[in-house]
Amino acid sequence: MNQTAAPVEMLRPVEDVGGVAQPLLQVTGLTKHFPVRGELFSARKTVRAVDDVSFSIAKGETVGIVGESGCGKSTTARLLMHLMKRDAGDIIYDGMGVGRALSLRELRRGMQMVFQDSYASLNPRLTIEQSIAFGPKVHGMADAAARTLARELLGKVGLRPEVFANRYPHEISGGQRQRVNIARALALSPRLVILDEAVSALDKSVEAQVLNLLVDLKREFGLTYLFISHDLNVVRYISDRVLVMYLGEVVELGPVDRVWDAPAHPYTRALLAAMPSSDPDHRTQTPPISGDPPNPIDPPKGCRFHTRCPFAEPLCANATPKLTALDTMGHQAACYMAIPGSGHSRAPTGKAVEGANAI
Amino acid sequence: MSAITEIGLPAAPAGKARGYWTTVGRRIMRDKVSMACAAVLVAIFVAALLAPWLGLADPYQGSMIRRLRHIATPGYPLGTDELGRDMLSRLIYGGRLSLVVGILPVILAFVIGTSLGLVAGYIGGWINTAIMRTVDVFYAFPSVLLAIAISGALGAGITNSIVSLTIVFVPQITRVAESVTTGVRNMDFVEAARASGAGPLTIMRVHMLGNVLGPIFVYATGLISVSMILAAGLSFLGLGTKPPEPEWGLMLNTLRTAIYVNPWVAALPGVMIFAVSIGFNLLSDGMRSAMDIRN
């Protein structure tokens, strides 16, 4: 396979128009409410799956999204991919609004996604080569060139093309299938790859291999990742910045080290405390938070976390805290305990950090 | 890259690109039951097709003195019917019409029903509601009654009975196609195909069709026997084939009166219908397991 054949044809990536300073993805006010069919004659209810979520992803960085199941992580991913219509909000890709300066078709090349279920995300009737070659063919690549590209990419994700190209998804292991899914995403030369729990269903050892592969591929192809996971260790390992979601809202956002060292939101603290420790001297003795997340059909008024928060005060039930900058490094949290002068008894005194509102 | 290469994998034969249908074909070839059914069906088809060149007796030539001869009477290997016509000849000639009225409506309904069900299931929304509620209207009538009503409205004749049977089967196939499609369309690989920028037609052709055809195909082949029996019923009422045209359903009906005199001969058209139905049923079953390449 190491013959120096003609160079493998790849799809031309979406052009970098904004330069380095322009975030690759800017999301503002992203909202998705699902209507729920209630009982007859009762008021129509909605699940607030994603509620006013805003963040940005710089070129070349890896942003992690963490949160419990049902907090809106996957819905966010599907909204970003435009697989689902959003109710409100703007998604700007490299300074270009989707549907305006950038067509949806072009966005599909610029942004790809790897799904959690490695088996369900591959067509059982297509060979692996056909699955990978499908995308490039949709974008006008000739069949032979697309197949060559598929084989090339199989090599890049660590699967020998001569062994795997003609196999069907059910004939390979979960880790191998997830590599195929990664290759399929890369086949469109994306600049942003959304990894929706992409390693969560894998064995720990395979998970580590795939994570390392992702790191290698990021370097080789100059990729930007949005990494969605409920596994905090994995998120910390791979992410530069992290975004903590609770019931469809972003509660904390910041560089991964800042969030880990000085979590500002009690939910983040609870999540971090819930991580199993491998040190027997540091066992988790008390449950960090109790109870299940409230029903997203009827989210609590005020701060959505106040029903489970050990520090909740009347203020928290009455008003909703906004994401507020805590320092100049982009660490933000939506908690009255972190907002100076908010009226919460644990709120820091003094003025807000100067110039910290720049995202 | 060494950290990420796969280890400990059995090397698969570096075969050439094999398509899905090649694999299915190879798998069905290994299934003995399916192959036996296919052989029987092919024999019946070929005999019906080549009937005029097989040197058979005239299927229309009756004889009042040789009525209802038993099976294995010299000169009449399968006996004669109630008008003294050679049964072997009539059964083989009868296959021509019977197979057409049995299979053609199912093929037509398969094409129409699958398309409707695929569109309804994939697009969903009000298009789904429109198609499926229309289909439900047809479900309000028993299929025999519906076939008779449509045939009666269109007038007697083979073409009209094919049309009416097609209309009877379209709703059933549409419903099966819609439910299978709805199941497949929510799978991640369809989302992934949408995420790669493919249009609905490409997705339906490449990703949906192969995954929904199997169950619909199995259901449709089961309808072939129903179609042949319904066509026989139409002929009996004078809405389909007319005597003296040989057709299995019609023959079964006319020989019914001879069931106490010569039951074995009277049962012969039924045996043919049974053989063809069971052949198609078993073959479709074999097809389904061959198409499910996961096992």
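Each value in this text was obtained by applying a stated rule to the coordinates, not by laboratory testing. Model, not experiment: these values are computed from the prediction. Please note: Cβ atoms are built from the backbone with ideal geometry, for glycine as well, and neighbour counts cover all protein chains shown.
Using a Förster distance of 45 Å, how high is the FRET efficiency between A:Lys204 and B:Asn281, based on the Cβ-Cβ distance and rounded to 0.05?
The calculated FRET efficiency here is 0.40.
According to a simple spin-label model (label point 7 Å from Cα along Cα-to-Cβ), what is the distance in nm between A:Arg100 and B:Trp126?
2.9 nm
Which ³J(HN,Hα) values in Hz, rounded to whole numbers, follow from the phi angles of segment B:214-231 under the Karplus curve 6.51 cos²θ - 1.76 cosθ + 1.60, where θ = phi - 60° and Gly and Pro get x?
Computed from phi, the couplings for segment B:214-231 are x, x, 5, 4, 4, 4, 5, 5, x, 6, 4, 5, 4, 4, 5, 6, 4, 4 Hz.
Please compute, for peptide A:115-123, the average count of beta-carbon atoms on other protein chains lying within 10 Å of each residue's beta-carbon.
Across A:115-123, the average partner-chain Cβ count within 10 Å equals 5.
List the residues, sorted by chain then number, that are 5 or more residues from B:Gly157 or on another chain and whose placed amide H is less than 5 Å from its amide H.
Sorted by chain and number, the residues that satisfy this are B:Gly240.
Normalised by the residues of segment B:19-82, what does the relative contact order come to in percent, with Cα pairs under 8 Å and at least six apart?
It rounds to 15 percent for segment B:19-82.
Between A:Ala43 and B:Leu237, with labels modelled 7 Å along Cα→Cβ, what's the label distance in nm to one decimal, could you check?
In this crude spin-label approximation the distance works out to 5.7 nm.
Just from its helices, what would the mean residue ellipticity at 222 nm be for chain A, if runs of 4 or more DSSP H residues each count -39500 (n - 2.57) and the sum is divided by every residue, rounded to the nearest 500 deg cm²/dmol?
So the calculated ellipticity at 222 nm is -8000 deg cm²/dmol.
Please list, in order along segment B:258-269, the HN-Hα scalar couplings obtained from phi with the Karplus expression 6.51 cos²θ - 1.76 cosθ + 1.60 (θ = phi - 60°), rounded to whole Hz, x for Gly and Pro.
Residue by residue, segment B:258-269 yields 9, 5, 7, 7, 9, x, 5, 5, 4, 7, 4, x Hz.
Show me, for segment A:266-278, the HN-Hα J-couplings you get by feeding each phi into the Karplus relation (A = 6.51, B = -1.76, C = 1.60, θ = phi - 60°), rounded to Hz, glycine and proline as x.
Taking θ as phi minus 60°, the curve returns x, 5, 4, 4, 5, 4, 5, 5, 7, 5, x, 9, 8 Hz for segment A:266-278.
So how tilted is helix A:128-138 from the main axis of chain A? Cα-based, degrees 0 to 90, rounded to 10.
80 degrees
Computed FRET efficiency, Cβ-Cβ of B:Val42 and A:Met329, R0 60 Å: what is it to the nearest 0.05?
That pair, B:Val42 with A:Met329, gives E of 0.20.
Computed FRET efficiency, Cβ-Cβ of B:Ser63 and B:Leu201, R0 56 Å: what is it to the nearest 0.05?
0.40
Got a sec? How would A:Arg236, A:Arg109 order by Cβ neighbour count within 10 Å, fewest to most?
Least crowded to most crowded, the residues run A:Arg236, A:Arg109.
Limiting things to C-alpha atoms, what are the Rg and the maximum Cα-Cα separation (Dmax) for the protein assembly as shown, in angstroms?
Computed over the Cα atoms of the protein assembly as shown, radius of gyration and Dmax are 33.4, 120 Å.
Could you list which residues have their amide H under 5 Å from that of A:Ala88, counting only those 5 or more apart in sequence or on another chain, with H placed in the peptide plane?
Amide H neighbours of A:Ala88: A:Thr31.
At 7 Å along the Cα-to-beta-carbon direction for both B:Ile259 and A:Val17, put a label point, then send me their distance in nm to one decimal.
Result for the modelled spin labels: 7.9 nm.
What is chain A's relative contact order, in percent, from Cα pairs under 8 angstrom and six or more apart in sequence?
18 percent
On C-alpha positions alone, give me the angle between the axis of helix B:125-139 and the longest principal axis of chain B, in degrees, nearest 10.
Value to nearest ten degrees: 20.
What percentage of all Cα-Cα pairs in chain A are separated by more than 33 Å?
34 percent
For segment B:42-75, list residues with backbone N below 11 Å from a point placed 7 Å from the Cα of B:Val271 toward its Cβ?
Flagged as within label range: B:71-72.
Identify all aspartates and glutamates with a Cα-Cα distance to A:Lys204 below 13 Å; exclude those on the same chain that are fewer than 8 residues away in sequence.
A:Asp231
Using 0.36 nm per residue of separation minus the Cα-Cα distance, give me the extension gain between A:Asp240 and A:Ser278 in nm, one decimal.
Residue separation times 0.36 nm, minus the Cα-Cα distance, leaves 11.3 nm.
Under 5 Å between amide hydrogens, which residues at least 5 positions from A:Met275 or on another chain qualify, with H placed 1.01 Å from N in the peptide plane?
Counting only residues 5 or more places away or on other chains, the set is empty.
List the lysines whose Cα sits under 29 Å from the Cα of A:Lys322, skipping any in the same chain fewer than 8 residues away.
Hits, sequence-local ones excluded: A:Lys32, A:Lys45, A:Lys59, A:Lys73, A:Lys85, A:Lys301, A:Lys351.
Sort A:Arg167, A:Arg48 by Cβ crowding within 10 Å, fewest neighbours at the top.
A:Arg167, A:Arg48
I need the semi-axes of the equivalent ellipsoid of segment A:220-261: take the C-alpha gyration tensor, multiply each eigenvalue by 5, square-root it, list largest first in whole angstrom.
So the three semi-axes of segment A:220-261 are 19, 13, 10 Å.
Take the alpha carbon gyration tensor of chain B, find the square roots of its eigenvalues, order them as a ≥ b ≥ c, and report rounded if a/c is under 1.5; if not, report prolate when a/b exceeds b/c, else oblate.
Note, shape of chain B comes out oblate.
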